[in-house]
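The values are calculated or read from the model by the stated rules, or taken from the named source; none is laboratory data. Note that the coordinates shown come from a computational prediction; the quantities given were computed from them, not determined experimentally. So basically every Cβ, Gly included, is an ideal-geometry build from the backbone, and we count neighbours across all protein chains shown.
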Amino acid sequence: MDLGEGMSAIVTGGASGLGEATVRELSSRGLKVAIFDMNAERGQQVASETGGLFCNVDVTDAASVDAGLAAARGAHGQERVLVNCAGIAIGAKTAARNRDTGTVSPHDLDAFTRVVTINLIGTFHMCSKSAAGMMDADPVTPDGGRGVMICTSSIAAQDGQIGQVAYSASKGGVAGMTLPMARDLARDGIRVVSIMPGLFYTPMFDGLPEEIRDALGASVPFPTRLGRPDEYALLVRQICENDMLNGACIRLDGAVRLAPK
């Protein structure tokens, strides 16, 4: 699929991290990009700097997504690229013992549900509604392609660490739905690919001491460092441009495999 003038994209979680890098990469290629995020101040700033549109959207809320899609399509037309970067992470074990009191507590169900709702259900929600719009649009490739949807899984889907049970479950769900979703939409020329990032420097790392960040980077076989958001964004562009990439989950991780903890 050729990217450039006249094409439009939506990036969820586009106000920071991997999403922001994706917004900047796609806009640099001439796409009109709508940012779906709940951080209005940062989202507006990124939109202003890239000539895009900010929409205050909660990907788990149907009315919020519908309003965002209406605004984005009204301004830019039907999106041909959807990139799902909105997500959260928590750290909690399935059940844990308090070392001081000896008492045992199960994982908080509301916290588990929130992670799965945002990371997995929110991603599916966006894909379903974006695909419905693409299906009614004319093809844009000689093969009849109408668009591409890119989801963000994680290497934690396969290498989940201690305390990542909720996060790993949500990202495993994203990976698991990639192929059936691609098969669902194949006749309508809509591709679906998931990226499984490894250890990437995003705002989630800002609160860690520098020595911890250095140690994490040193655990990556090659290149021996944390990934950069622009490297994620580059893969997004390459997926968009290569029509044979479909139904796949691509690890982007420098060959790292996560230890139990």
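Residues that are surrounded by 15 or more Cβ atoms within 10 Å (Cβ to Cβ): which strands (runs of 3 or more DSSP E) entirely in segment 63-168 hold 3 or more of them? Walk me through it before giving the result.
On the way: elements: 81-84, 95-97, 104-106, 147-152.
So the answer is 81-84, 147-152.
Output the residues belonging to segment 230-261 that are farther than 16 Å from G19 by Cα, within 14 Å of the chain's Cα centre (by Cα) and among the hydrophobic types (A, V, I, L, M, F, W, C). Outline the logic, then answer.
If we filter segment 230-261 for residues that are farther than 16 Å from G19 by Cα, which is where we start, we get 241-251, 253-261.
This time we only want the ones that are within 14 Å of the chain's Cα centre (by Cα), so: 249-251.
Matches in segment 230-261: C249, I250.
Within segment 242-261, restricting attention to residues that are assigned to a loop (DSSP other than H, G, I, E, B) and hydrophobic (A, V, I, L, M, F, W, C), which residue is farthest from G145 (Cα to Cα)? Can you show your working first?
Taking segment 242-261 first, the residues assigned to a loop (DSSP other than H, G, I, E, B) are 242-248, 253-261.
Of the ones still in play, those that are also hydrophobic (A, V, I, L, M, F, W, C) are 244-245, 248, 255-256, 258-259.
Working: M244: 11, L245: 12, A248: 17, A255: 32, V256: 34, L258: 36, A259: 40 Å.
Only one residue tops the list, namely A259.
If you check A156, A175, A186, which single one turns out to be over 28 Å from K261 (Cβ atoms) and at pLDDT 95 or above?
Values: A156 fails: over 28 Å from K261 (Cβ atoms); A175 fails: over 28 Å from K261 (Cβ atoms).
Only one candidate qualifies: A186.
Is it fair to say E231 is within 27 Å of A15 (Cβ to Cβ) and acidic (D, E)? Can you show your working first?
Numbers: within 27 Å of A15 (Cβ to Cβ): yes; acidic (D, E): yes.
For E231, the condition - within 27 Å of A15 (Cβ to Cβ) and acidic (D, E) - is met.
Scan segment 20-44 and report the pairs whose first residue is farther than 11 Å from L3 by Cβ and whose second residue is modelled with pLDDT under 95 and polar (S, T, N, Q), with Cβ atoms within less than 8 Å and a gap of 6+ or a chain change.
Short answer, once both residue conditions are applied: none.
Which condition number in (1) farther than 24 Å from V23 by Cβ; (2) in contact with a helix residue (DSSP H, G or I) (Cβ under 8 Å, 6 or more places away or on another chain); (3) outside any helix (DSSP H, G or I) is the one that F222 fails?
(2)
In segment 46-95, what residues are touching a residue at least 12 places away in the same chain (Cβ under 8 Å) and polar (S, T, N, Q)?
The answer is T50, N56, T60, Q78, N84, T94.
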